[in-house]
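Participant: Pasting a structure below so you can have a look.
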Amino acid sequence: MRGVSLPEPGLLVVDVALRRRRLVCPHCGYHTRWRYDRRPVASTWRHLDFGATMVMLRAQLRRLDCRACGVVTEAVPFARYRSGFTRDFEDVAAFLATKTDKTTIARFRRVDWDTVGRICDRVVADELDPDRLDGLVHVGVDEVSWKKRHNYLSLVYDHDRKKVVWGKAGKDTATLDEFFTELGQRRAGQIEAVSMDMGPAFAASVRAHAPLATIAIDPFHAVKLVTDALDVVRREAWNELRRSGNPDAARQFKGARWALLKNPTNLTDEQAATLRKVKRRGGLVWRAYTLKEAFRAIFAGDLTIEQVAELLDRWISRASRSRLAPFVKAAKTIRRHRDGILAAIRLGVNNGRAEGLNSVVRLIIHRARGFHSAEAALALVMLSCGPITLRLPHERPP
Ligand SMILES: [Zn+2]
């Protein structure tokens, strides 16, 4: 430390100088005693506040001529390269971002949310386990929408370690192809199963790069397909009632949406009463509801694989004969993915296993909506669910 000044109320500037004589390249760690020139590079970093006072560190840095990277400003041990914040400040902000909402952090740390996003990005680049793609055997691929209107991230889960190990903006075959490119042929050959949704994009990539891996269809996605079919039946019935001039009954049906779509064990008293009314009324909607519930029950987790296979086949034929167009269509899709669904149960690579992780991802993604870049959203997901050890300044080994 060279000196302290208070250039304005509420701001403390601490002048520091590096003790070491050697100049270190911030990219590759190359070090030398030779300065490239005598011109100092004035640099400042925001540090953790001292009470209500903002603290800035200030230093005159030197430049070196790295053999690999060219002329660069030397690295400092207390801040990441090209950051205007100290490592301490960044680690605390990143920690908070995984724990609380953006308004709290912005007010508490006095930084805007996009700055927090860039901080997350730098911390992840620095701290993420470089071996995270080693030894993958059972993986899951999923797309999550991180912003309204077609802003998707594709995520790769390690089912065994229960971590998100890879991610990228986008949700098509080419997106997952990039994962396999990074993985390389040898490691791709060790993957035994990949769980995914029923869309063709991810499956095409897996077949091309890991042809020996079993494609498993997450039952969660199958249940969602059937629940969506129920919603179509409900909506059609509601429109029918409205058209036939029965607004009261129509209104009741509108309120029935969640009563029908939620798991019966999660209903409020009011929703349960609505469901009973739907049952009394009977008809198409009730038939569709029982089909949905029968399907969901198959994956409750208490059946043997043989029982699941039998019930699944029985459900497919029942739905195909239901004369409910959305269910006939759903049954067709389920039949096409029957083997994949059973594989997910046999191998235990279903959503149930990664459920905790999945709900954390969804929570984090919701928080990441305030960011402007997909990279920042991904960084927050990796900080919260990736193979990373986030340490606060006082927890860091000396
Ligand atoms: Zn270098």
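Participant: Output the peptides 110-116, 160-166 sorted from most to least packed, where packing is the average of other Cβ atoms within 10 Å over each peptide's residues.
Facilitator: Details: 110-116: 16.4, 160-166: 18.9.
Going by the mean number of other Cβ atoms within 10 Å, highest first, we get 160-166, 110-116.
Participant: Could I ask something else about it? Short version: what are the Cα gyration tensor semi-axes of segment 184-258, square root of 5 times each eigenvalue, largest first, in whole Å?
Facilitator: They are 45, 10, 7 Å, listed from largest to smallest.
Participant: Let me ask something additional. Please quote Rg/Rh for segment 88-177 to two decimal places, taking the Kirkwood radius as Rh and restricting both calculations to Cα atoms.
Facilitator: Rg divided by Rh gives 1.02.
Participant: So if each residue of separation counts as 0.36 nm, and I subtract the Cα-Cα distance between Glu8 and Arg318, what length gain in nm does that give?
Facilitator: 103.9 nm
Participant: A further question follows. Compactness ratio of segment 282-333: Cα Rg over 2.2 N^0.38 Å, N = residue count?
Facilitator: Numbers: Rg = 11.3 Å, N = 52, 2.2 N^0.38 = 9.9 Å.
Ratio of Cα Rg to 2.2 N^0.38 Å: 1.14.
Participant: Taking springs between alpha-carbon atoms closer than 10 angstrom, which of Leu212, Leu357, Leu18 fluctuates most in the Gaussian network model of the chain?
Facilitator: Judging by the Gaussian network model, the answer is Leu18.
Participant: Residue separation times 0.36 nm, minus the C-alpha to C-alpha distance between Arg281 and Leu61: what's the value? Don't skip to the end; give the middle numbers.
Facilitator: Details: separation 220, 0.36 × 220 = 79.20 nm, distance 7.84 nm.
Extra length available between Arg281 and Leu61 comes to 71.4 nm.
Participant: Can you give the log10 of the normalised intensity I(q)/I(0) at q = 0.20 Å⁻¹, computed with Debye over equal Cα scatterers of segment 140-210?
Facilitator: Calculated log10 I(q)/I(0) at the listed q: -0.80.
Participant: Oh, and also: Charges at C-beta only: +1 for Lys and Arg, -1 for Asp and Glu. How large is the resulting dipole of segment 305-374 about its Cα centre, in Debye rounded to 20? Provide the component values of the computation, followed by the final result.
Facilitator: On the way: 14 positive and 5 negative charges, 79 e Å.
Computed about the Cα centre, the dipole is about 380 debye.
Participant: Calculate, for the chain, the solvent-accessible area per residue in square angstrom, rolling a 1.4 angstrom probe over the heavy atoms of the protein chains.
Facilitator: Numbers: 21440 Å² over 398 residues.
Per-residue value: 54 Å².
Participant: Further question on the same structure: Of all accessible surface on the chain at a 1.4 Å probe, what whole percent is carbon and sulfur? Spell out each step's value before the answer.
Facilitator: Values: 11040 of 21440 Å².
That share works out to 51 percent.
Participant: Tell me the Kirkwood radius of segment 23-86: reciprocal of the mean inverse pair distance over distinct alpha-carbon atoms, in Å.
Facilitator: On the way: mean 1/r = 0.0794 Å⁻¹.
Evaluated on segment 23-86, it is 12.6 Å.
Participant: Per q in 0.10, 0.11, 0.22 1/Å, what log10 I(q)/I(0) does a Debye calculation on the alpha-carbon atoms of segment 279-382 return?
Facilitator: Log-scaled intensity ratios, in q order: -0.45, -0.53, -1.06.
Participant: Okay, moving on. What's the percent breakdown of Cα-Cα distances in segment 1-116 across 5 Å bins, shortest bin first?
Facilitator: 2, 11, 18, 19, 16, 13, 11, 6, 2, 0
Participant: In whole Å, what are the Cα extents of the chain along the three principal axes, biggest one first?
Facilitator: 85, 52, 33 Å, listed from the longest principal axis down.
Participant: Here is a further query. Where Lys and Arg each count +1 and Asp and Glu each count -1, what net charge lies around Pro200 among other residues with Cβ under 11 Å from its Cβ? Don't skip to the answer; put the middle values down first.
Facilitator: Values: positive: Arg207, Arg336; negative: Asp172, Asp197.
So the environment of Pro200 carries a net charge of 0.
Participant: For Thr100, Thr268, give the ranking by accessible area with the largest first, probe 1.4 Å. If you can, show how the numbers build up before the last one.
Facilitator: On the way: Thr100 35, Thr268 65 Å².
So, going from the largest accessible area down, we get Thr268, Thr100.
Participant: Can you list which of the DSSP-assigned H helices in the chain have a Cα extent of 15 Å or more along the long axis and an average Kyte-Doolittle score of at least 1.0? Kindly include the intermediate steps, with their values, before the conclusion.
Facilitator: Values: long enough: 87-99 (18 Å, -0.05); 113-127 (21 Å, -0.24); 173-188 (20 Å, -0.54); 219-243 (36 Å, -0.38); 247-261 (22 Å, -0.35); 269-281 (18 Å, -1.61); 283-298 (23 Å, 0.30); 305-320 (22 Å, -0.07); 325-336 (17 Å, -0.18); 351-368 (24 Å, -0.01); 374-385 (16 Å, 1.91).
Span-like helices here: 374-385.
Participant: Over the Cα atoms of segment 228-291, compute the convex hull volume and normalise it per residue, giving Å³. Could you put the intermediate results ahead of the total?
Facilitator: Details: hull volume 4.6 nm³, N = 64.
Enclosed volume per residue, from the Cα hull, is 72 Å³.
Participant: Assigning unit charges at the beta carbon (Lys, Arg +1; Asp, Glu -1) and nothing else, what dipole magnitude in debye, to the nearest 20, does the chain show about its Cα centre? Spell out each step's value before the answer.
Facilitator: Values: 69 positive and 45 negative charges, 184 e Å.
For this selection, approximately 880 debye.
Participant: Using a Förster distance of 35 Å, how high is the FRET efficiency between Asp339 and Val360, based on the Cβ-Cβ distance and rounded to 0.05? Write down the numbers at each step before the final one.
Facilitator: Working: r = 30 Å, r/R0 = 0.86.
After rounding to 0.05, the efficiency reads 0.70.
Participant: Given a Förster distance of 51 angstrom, what is the FRET efficiency for Arg161 paired with Asp228, based on the Cβ-Cβ distance and rounded to 0.05? Don't jump to the answer; show the numbers that get you there.
Facilitator: Working: r = 32 Å, r/R0 = 0.62.
Efficiency, rounded to the nearest 0.05: 0.95.
Participant: State the extension gain, in nm to one decimal, for the chain segment bounded by Asn266 and Ser373, taking 0.36 nm per residue of separation less the distance between their alpha-carbons. Don't jump to the answer; show the numbers that get you there.
Facilitator: On the way: separation 107, 0.36 × 107 = 38.52 nm, distance 3.57 nm.
34.9 nm is the gain from fully extending Asn266 to Ser373.
Participant: Given the options Ala169, Ala210, Ala259, state which has the largest fluctuation in a GNM of the chain using a 10 Å cut-off (strictly under) for Cα springs.
Facilitator: For the chain, modelled as a Gaussian network with Cα springs under 10 Å, the answer is Ala259.
The values are calculated or read from the model by the stated rules, or taken from the named source; none is laboratory data. Quick caveat, the model's predicted, so the values are computed rather than measured. As a convention, Cβ positions derive from the backbone with ideal geometry for all residues, glycine included, and neighbour counts pool all protein chains shown. The protein model used for the area step is the full one, side chains on, heavy atoms only, and it has no ligands, DNA or RNA in it. Shrake-Rupley method; radii C 1.70, N 1.55, O 1.52, S 1.80 Å.
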